[in-house]
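Below is one structure; the comments refer to it alone.
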Amino acid sequence: SWAGLILRIGLGVVMFAHGAQKLIGWFGGNGFDGTMGFFTQTMGLPWLAAFLVIIGESVGSLGLIAGFLTRFTAASFIVIMVGAIAMVHWPQGFFMNWFGQQSGEGFEYHLLVIAMSAALVVIGGGKWSMDGVIASWLERGKEFRNNR
């Protein structure tokens, strides 16, 4: 569907920017070492969880843009965003810190990511996805084996 394509490209681009901050320090981020230090030392996350968040948001978002492992990546984004809300953003309330009057950011962005990700879990990657290409290859292979 077109909806899957639109959702995965939009979500993938936005999540890539966040992942690039964490992995390589783009867009004012701390890069891998800084983010790992913050997640493990300041927030107390196990290093594996911190590593998976960084890789999920960066490499996973590129996979999402390509439509590769769409449902898995979208489900992982839901887990990451629920964790971010629960561990960091809940006390700040719903709204982002538009006017610099809160002690941190609210969770409205995270809810949008969860909603978009949930839609992708349900409908898949849509048009021009690698998942669709792989499914087509598997189906052709199945037909080939059945016709022999």
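Quickly run through the range 22-36 and pick out the residues that are under 22 Å from residue 49 (Cα atoms), of a type outside the set (D, E, K, R) and free of Cβ contacts under 8 Å to residues at least 12 places away in the same chain. Reasoning before the result, please.
From the range 22-36, those under 22 Å from residue 49 (Cα atoms) are 22-26, 29-36; that's our starting set.
This time we only want the ones that are of a type outside the set (D, E, K, R), so: 23-26, 29-32, 34-36.
Once the filter is applied, which keeps residues that are under 22 Å from residue 49 (Cα atoms), of a type outside the set (D, E, K, R) and free of Cβ contacts under 8 Å to residues at least 12 places away in the same chain, the range 22-36 yields 25, 26, 29, 30, 31, 34.
Out of all the residues in the range 23-31, is one or more polar (S, T, N, Q) and part of a helix (DSSP H, G or I)?
Applying the first criterion (polar (S, T, N, Q)) to the range 23-31 yields 30.
Cutting the leftovers down to part of a helix (DSSP H, G or I) gives us none.
No; the residues of the range 23-31 include none that is polar (S, T, N, Q) and part of a helix (DSSP H, G or I).
Report yes if residue 105 is exposed (fewer than 13 other Cβ atoms within 10 Å of the Cβ) and out of contact with any Asp or Glu (no Cβ under 9 Å at 6 or more places or on another chain), otherwise no. Full working, then the answer.
Details: exposed (fewer than 13 other Cβ atoms within 10 Å of the Cβ): no; out of contact with any Asp or Glu (no Cβ under 9 Å at 6 or more places or on another chain): yes.
No: the conditions fail for residue 105.
Only one of 19, 63 is in contact with a Leu (Cβ under 8 Å, 6 or more places away or on another chain) and within 21 Å of residue 129 (Cβ to Cβ). Can you tell me which?
Values: 19 fails: in contact with a Leu (Cβ under 8 Å, 6 or more places away or on another chain).
Testing whether each residue is in contact with a Leu (Cβ under 8 Å, 6 or more places away or on another chain) and within 21 Å of residue 129 (Cβ to Cβ) leaves just 63.
Picking from 68, 77, 95, which residue would you name as being modelled with pLDDT of 95 or more and in a loop (DSSP other than H, G, I, E, B)?
68
For the condition free of Cβ contacts under 8 Å to residues at least 12 places away in the same chain, surrounded by fewer than 17 Cβ atoms within 10 Å (Cβ to Cβ) and among the aromatic types (Phe, Trp, Tyr), what is the one hit in 128, 137?
Working: 128 fails: free of Cβ contacts under 8 Å to residues at least 12 places away in the same chain.
Only one candidate qualifies: 137.
Within the bounds of the range 12-22, is there any residue that is closer than 24 Å to residue 105 by Cα, outside any helix (DSSP H, G or I) and open to solvent by 40 Å² or more (accessible area, probe 1.4 Å)?
We begin by selecting, within the range 12-22, every residue closer than 24 Å to residue 105 by Cα; these are 12-22.
With outside any helix (DSSP H, G or I) added as a condition, the list becomes none.
No, because not a single residue in the range 12-22 is closer than 24 Å to residue 105 by Cα, outside any helix (DSSP H, G or I) and open to solvent by 40 Å² or more (accessible area, probe 1.4 Å).
Taking the residues in the range 43-74 that are within 14 Å of residue 7 (Cα to Cα) and small (Gly, Ala, Ser) as candidates, determine which candidate is most open to solvent (accessible area, probe 1.4 Å).
66
With the condition kept exactly as written, say whether any residue in the range 35-42 is within 30 Å of residue 127 (Cα to Cα), part of a helix (DSSP H, G or I) and either open to solvent by 70 Å² or more (accessible area, probe 1.4 Å) or basic (Lys, Arg) (or both). Outline the logic, then answer.
Let us first name the residues in the range 35-42 that are within 30 Å of residue 127 (Cα to Cα), namely none.
No.
The values are calculated or read from the model by the stated rules, or taken from the named source; none is laboratory data. This structure is a prediction, so every number in the text was calculated from the model and none was measured. Note that we place each Cβ from the backbone using ideal geometry, even for glycine, and neighbour counts take in every protein chain shown. Ligands, DNA and RNA are excluded from the accessible area calculation, which covers all protein heavy atoms including side chains. Shrake-Rupley method; radii C 1.70, N 1.55, O 1.52, S 1.80 Å.
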